[in-house]
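Down below is the structure, laid out as structure tokens.
Derivation of every value follows stated rules applied to the coordinates shown; laboratory data play no part. Just so you know, these numbers come straight off a predicted model, no measurement behind them. In this analysis, Cβ positions are derived from the backbone assuming ideal geometry, glycine residues included, and neighbour counts consider all displayed protein chains.
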Amino acid sequence: MSNSAKFLWLLCASAMIGISACSDSGDTGNATEDTGITEVTSPSTSSSAPPATPAQSAGQPVLAPAVPVPSSTPETEGGDASMSSEVESSAGDTQAPQQHIVKGVVTQWQPMVLFVQPGDRVIFRQMIGHDTQTIDGMFPTSGTAWQSKLGEEGFSVVLEEPGVYMYKCTPHVSLGMIGAIVVGDLPPANLQQLEDHPQNKGMFARAIRKLKLALESQAGGS
């Protein structure tokens, strides 16, 4: 083969190779475009939740409902402690006989001087270590004497005869545990009898002085 023939053959071969290369490049570009992936994003579904209830603040006290407290009713007593007593009477009948309470408190009678009406009943309470006994010659002549047992709780007497009844606690008379019950109208008929009594000295005289002060106070208040 001559040189000119070889040159033509090489030129043709080069042209064919170039055409083939261009063709491959175009196919590759198309393939790349055809195989492109498009990302599809689905719309997110949102659910509406109900509004949350606000929680109670930490440390906030929980208030309990108020509970009414029953009020206590004090016992009905008179103004002067030496003359007052607990009284029980029939409802709606002020003329009915009444019940009066005398208490033994340590070495004293409370009240020390008690005013009642004929037919009333006197009841002795808190009698542990005590008795109650009329003092000879210091109660109305026609009156009824009494004497309880030691520690006799609830011992009672009904007094009909007007006048002053002086009584004592035998174990504690030397400590001044002497009392007086005034029955009926004032002044009591046997007051002078008490003042003239031979035992009107010491603790007995002291009790009679307190009795006279109570009589004055009662007469002034009536």
Practice item. Apply the Karplus parameterisation 6.51 cos²θ - 1.76 cosθ + 1.60, with θ equal to phi minus 60°, to every residue of the range 158-168 and state each ³J(HN,Hα) to the nearest whole Hz, in sequence, with x for glycine and proline. Key: 10, 9, 9, 7, x, x, 9, 10, 8, 9, 9
Practice item. Would you order ILE135, ILE181 from fewest to most other beta-carbon atoms within 10 Å of each residue's own beta-carbon? Key: ILE135, ILE181
Practice item. Towards the positive end of the charge dipole of the range 97-221, with charges on Cβ (+1 Lys, Arg; -1 Asp, Glu), say which of SER142, ALA219, LEU186 has the farthest Cα. Key: ALA219
Study note, to complete from the structure: Here P(r) for the range 96-153, Cα-Cα distances in 5 Å bins, as whole percents, is 4, 16, 24, 28, 20, 7, 1
Exercise for review: For a footprinting-style exposure proxy, rank VAL116, VAL106 by other Cβ within 10 Å, fewest first.
Suggested key: VAL106, VAL116
Exercise for review: Have a look at the DSSP beta bridges in the range 97-221 and tell me what percent are antiparallel, nearest 5.
Suggested key: 60
Practice item. Go through the range 136-145 residue by residue and turn each phi into a ³J(HN,Hα) via Karplus (6.51, -1.76, 1.60, θ = phi - 60°); whole Hz please, and just put x for glycine and proline. Key: 3, x, 10, 8, x, 4, 8, x, 9, 6
Practice item. List the lysines whose Cα lies under 29 Å from the Cα of LYS103, skipping any in the same chain that are fewer than 8 positions away. Key: LYS149, LYS168, LYS201, LYS210, LYS212
Review point. Does anything in the range 115-142 have its amide N under 16 Å from the 7 Å Cα→Cβ label point of VAL105, and if so which residues?
Key: 115, 124-128
Review point. From the Cα gyration tensor of the range 168-222, with a ≥ b ≥ c the square roots of its eigenvalues, which class applies: rounded if a/c is under 1.5, or else prolate if a/b is larger than b/c, or else oblate?
Key: prolate
Review point. Can you sort ARG206, ARG121 by how many other beta carbons sit within 10 Å, fewest first?
Key: ARG206, ARG121
Study note, to complete from the structure: To the nearest 20 debye, the range 123-209 has a Cα-centred charge dipole, built from +1 on Lys and Arg Cβ and -1 on Asp and Glu Cβ, of 360
Point to revise | Convex hull per residue volume in Å³, alpha carbons only, for the range 97-221 | key: 92
